[in-house]
Amino acid sequence: MKKTKVYEIFSDNIDLDIINECSKAIENGELVVIPTETVYGLGANALNKDAVDNIFKAKGRPQDNPLIIHVSNKDIHKYVKRVPKVASELMDLYWPGPLTLIFEKEDIVPYNTSGGLETIGVRMPNNKVALDIIQNSGVPIAAPSANLSGKPSPTDIDSCIEDLMGRVDYIVGGDECEFGLESTVVDCTSDPICILRPGAITIDMLKKVDENAYIDPAILHKETNDFKPKAPGMKYRHYAPNAPLQIIEGELDKTIEKINEIVQNRKDGKIGVICTDETKGKYKADIVISLGNSNDIQQIGSNLFKTLRKMDSLNVDYILCESFSEEGIGLALMNRLKKAAAYNILKV
Ligand code: TXA
Ligand code: MG
């Protein structure tokens, strides 16, 4: 058991002493949970093998799942062999922001960080606390989402404390994550570029720099021989609440009817329903939680992981969730939701 220090610190009120202490900790190979605009990250010095190994241990993460390195500016030549023109255009358009780019790695980045691959994912997060700690520590920070492996990613500091207290040296932050879904991961070693994990930077946004950009077709399917995801992390069971989760997919009226029918017919156990502000009043389940306004897909996405964790804390036995359009950020939302449900989808 480690003695974890928790510091509440917000982007609009930076405390330099805390930044310096956390930066030193990173330099010294310690584990520091940091806020980002997507989800909280479990950070360590990306160039220090032992520190990186400790990330995997703290999370209980499979060793072959590569980490993303977080940088505080666009000068990444030390860490990657080549920055293709499309990639530097993407960096100019969307960094800092929820976009991870995959490059061929330089030798300075250990295989412990890249999960044994010759490539490395790089991202410049849009959160001042994170950027200041990276900048001050003078090294890139390797950081997966700051949850125990398999659990929903943490979008607030309390969720990090719940999962990682006693397992890391520091938990810093306070900012709520703006997006609440992990970054879009884009392979820039291929031409055309390819989305390996959908996020808030959508395919249409990528097409501005590469009109042939495409989405790894495996992303929205249960893994089979025909659909093997290219990102190692996409193959694991993920984001899952304790209770089984089922998605009800179809026209809204029919969805509501079906969910109410399941709720009524269930003899025992506590049922949780996940819906939107517009439909919240229509359910008679034990627990009904809205993800937000159905027209605001970013808000819906930002509340997903928090809501799954909430259902766990309320000890529900079964969760039913409405389905959403896969347009824009909806693709990322449905990708996470389907994985959380282990592809248990009932079409009505
Ligand atoms: O928003 C985010 O990206 C958050 C915050 C903390 O920055 N981080 C995050 O990291 O989600 P993680 O480790 O939970 O997910 C990284 C994903 C995994 O699916 C992994 O397999 C993929 O990115 N990935 C990382 N490096 C890769 C590489 N070299 N090639 C292919 N996929 C890679
Ligand atoms: Mg993760």
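The values are calculated or read from the model by the stated rules, or taken from the named source; none is laboratory data. Just so you know, these numbers come straight off a predicted model, no measurement behind them. Counting neighbours? That spans all protein chains shown, and the Cβs are built from the backbone with ideal geometry, glycine included.
List of remarks:
- Lys151 satisfies every condition listed in (1) buried (at least 17 other Cβ atoms within 10 Å of the Cβ); (2) charged (D, E, K, R); (3) over 25 Å from Thr119 (Cα atoms); (4) at pLDDT 95 or above except (4).
- Of everything in the stretch 281-331 that is among the polar types (S, T, N, Q) and part of a loop (DSSP other than H, G, I, E, B), the residue that is nearest to Asn147 (Cα to Cα) is Asn315.
- Odd one out for Pro96 among (1) farther than 19 Å from Ile201 by Cβ; (2) surrounded by 15 or more Cβ atoms within 10 Å (Cβ to Cβ); (3) of a type outside the set (A, V, I, L, M, F, W, C): (1)
- Screening Leu90 against (1) within 30 Å of Met1 (Cα to Cα); (2) in contact (Cβ under 8 Å) with a residue 24 or more places away in the chain; (3) in a helix (DSSP H, G or I) leaves a single unmet condition, (1).
- The lone exception for Asn45 - which of (1) more than 19 Å from Pro154 (Cβ to Cβ); (2) away from ligand 1 (no atom under 16 Å from the Cβ); (3) at pLDDT 95 or above it fails: (2)
- Any hit, the stretch 73-87, residues being outside any loop (DSSP other than H, G, I, E, B) and touching a residue at least 60 places away in the same chain (Cβ under 8 Å): yes
- One residue stands out in the stretch 54-72 among those that are part of a loop (DSSP other than H, G, I, E, B) and among the charged types (D, E, K, R): the one that is nearest to ligand 2 (Cβ to nearest atom), namely Arg61.
- Members of the stretch 245-269 found to be modelled with pLDDT of 95 or more and part of a loop (DSSP other than H, G, I, E, B), listed by number: Gly250, Glu251
- Qualifying residue in the stretch 272-279 (condition: over 26 Å from the mean Cα position of the chain (by Cα) and at pLDDT 95 or above): yes
- Subset of the stretch 153-168 [more than 13 Å from Lys57 (Cα to Cα) and either small (Gly, Ala, Ser) or touching a residue at least 24 places away in the same chain (Cβ under 8 Å) (or both)]: Ser153, Pro154, Thr155, Asp156, Ile157, Ser159, Cys160, Ile161, Glu162, Met165
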